[in-house]
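This report refers to the structure that appears directly beneath it.
The values are calculated or read from the model by the stated rules, or taken from the named source; none is laboratory data. Quantities reported herein were computed from a predicted structural model and do not represent experimental measurements. Backbone-built Cβ (ideal geometry, glycine too); neighbour counts: all protein chains shown.
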Amino acid sequence: MPEPGTPVSDCPAGPSGLTLSPRAQALQPSLTLAIAAKAKQLRAEGRDICSLSAGEPDFDTPAFIRQAAATALEAGHTRYGPAAGEPALREAIAAKLSTENGVPTRAEQVLVTNGGKQALYNLFQVLLGQGDEVLLPAPYWLSYPEIARLAGASVTVLPTEAAQGFRLQPEQLEAAITPASKLLVLNSPSNPTGMVLSRQELEAIAAVLRRHPQVAVVCDEIYEFLLAPGHSHHSFAAVAPDLADRVFVVNGCAKGWAMTGWRIGWLAGAPAVIAAASALQSQTTSNVCSFAQYGALAAVSGPRDCVQAMAAQFNERRTLLSEGLRAIPGLQLLPPEGAFYAFPDVSSYGLDSMTLCNRLLDAVGLAVVPGVAFGDDRCIRLSCAAAPATISDGLERLQRFLGSL
Ligand SMILES: Cc1ncc(COP(=O)(O)O)c(C=O)c1O
């Protein structure tokens, strides 16, 4: 396995004579997956490892969802289906968006994808090309820049500060827009900071975008159900319905319903773009696993009790993690408002984030993700998608390590 952060171009070559495409050479493998793999490997070697690096719920998928997929499997839903998704699931997602998110949506505006990741990939591929710019507020989820560059676009990073709650400032957005700006990425609740954009903040962003009709928006709402008390999720397309024809929603079952391995996501937006993304999907991966889509149908159209029960547990764990971090001297934390991460600033210890994370793993067996992967080298990302005892163990290891510096 390559060291975390190693570009593909530095990886051992394949059979002699083969060269990788420039596109592949420029690709950074996912650092979160690499760290999780390294932690697993060390554990397999007998090391005592505590991992707070996970980006996935540690809960089982609720039983009624598993049952719906099993029933579909037994009923013979084992063949190719429509590339854009099972009609019943597209209908259910459209109904969810219309009623739960306040974004009036028809089934033809929905594409069922292999996770939120493929929704982003397909959208970027059909909207972007050489010369286009993606506006990306930082800290950002690490796959956005890679997916943008795979589409040939360049990335304009808009840094945000912890002192301003990691919030994109409207005047900062205004100043960054050029005629080549094609797509703004909004991710609320945010991975890695846990920042949740309020309705007023979304309205201020909409006011800027009304002046720049060439800029579309992708709203990654994959953590919509994971909100700290006092915070609510607002869909940008519901806040600015006049911009709906250039707003795209990305979401999925992974985080809210604990279905990461099922690979169910969706992309919703203007019919012509959805048709293009469906055509792309029909020539690449085809339909998402047929019987998995029936599990997703049960999830999306079912009651939200299971989602709320898991969200309540994440709230307790987020508080445990935040309070523990805030008790560590020299570490600055903006309390996360959603998702299941904390992103403290550890720069006062004088190490870059990659060095700090490598040393944490070697010295005290704690796996967390360096902030550099998310565009902020001052911070590290810790996940609270772990049992409370694991979170407490991780906090103790972190405190012990930082105390030794
Ligand atoms: C912000 C964000 N968007 C999208 C995804 C992709 O989710 P999926 O597993 O549905 O592809 C993730 C997963 O970590 C994420 O953190």
* In the range 252-266, residue surrounded by the fewest Cβ atoms within 10 Å (Cβ to Cβ) [restricted to those that are within 11 Å of the ligand (Cβ to nearest atom) and among the hydrophobic types (A, V, I, L, M, F, W, C)] -> Ala254
* Quick check: anything in the range 310-325 within 16 Å of the ligand (Cβ to nearest atom) and assigned to a loop (DSSP other than H, G, I, E, B)? -> no
* Being of a type in the set (Lys, Arg) and either at pLDDT below 90 or closer than 30 Å to Glu86 by Cβ (or both) is the filter here, so list the residues in the range 44-70 that pass it. => Arg66
* Would you call Thr160 within 16 Å of the ligand (Cβ to nearest atom), in contact with a Pro (Cβ under 8 Å, 6 or more places away or on another chain) and not assigned by TED's automatic domain parsing to the domain that holds Ser30? -> yes
* Note down all Cβ pairs under 8 Å where the first residue falls in the range 60-82 and is closer than 13 Å to Gln293 by Cβ, the second is assigned to a loop (DSSP other than H, G, I, E, B), and they're at least six residues apart or on different chains. => Ile65/Trp257; Ile65/Met259; Ile65/Gly302; Tyr80/Ser286; Tyr80/Asn287; Gly81/Asn287; Pro82/Asn287
* Only one of these conditions is not met by Tyr140: (1) farther than 30 Å from Tyr294 by Cβ; (2) away from the ligand (no atom under 16 Å from the Cβ); (3) surrounded by 23 or more Cβ atoms within 10 Å (Cβ to Cβ). Which number is it? -> (2)
* To do: Can you give me the number of residues within the range 48-87 that are of a type in the set (A, V, I, L, M, F, W, C), surrounded by 15 or more Cβ atoms within 10 Å (Cβ to Cβ) and in a helix (DSSP H, G or I)?
  => 5
* **Single residue of the range 42-72 satisfying the filter (among the basic types (Lys, Arg) and assigned by TED's automatic domain parsing to the domain that holds Ala387) that is farthest from Gly338 (Cα to Cα)** => Arg47
* Could you tell me whether any residue of the range 177-184 is more than 22 Å from the chain's Cα centre (by Cα), farther than 21 Å from Ala237 by Cβ, surrounded by fewer than 24 Cβ atoms within 10 Å (Cβ to Cβ) and at pLDDT below 95? => no
* Condition test on Ala385, is it in contact with a helix residue (DSSP H, G or I) (Cβ under 9 Å, 6 or more places away or on another chain), among the small types (Gly, Ala, Ser) and not in a helix (DSSP H, G or I)? -> yes
* **Complete set of residues in the range 270-286 that are in a loop (DSSP other than H, G, I, E, B) and either away from the ligand (no atom under 16 Å from the Cβ) or of a type in the set (Phe, Trp, Tyr) (or both)** => Ala270, Gln283, Ser286
* Asked: Looking only at the range 79-136, which residues are under 16 Å from Ile147 (Cβ atoms) and more than 13 Å from the ligand (Cβ to nearest atom)?
  -> Leu111, Gln125, Val126, Leu127, Leu128, Gly129, Gln130, Asp132, Glu133, Val134, Leu135
* Structure fact -> Checked against (1) in contact (Cβ under 8 Å) with a residue 24 or more places away in the chain; (2) not assigned by TED's automatic domain parsing to the domain that holds Ala162, Trp257 satisfies every condition except (2)
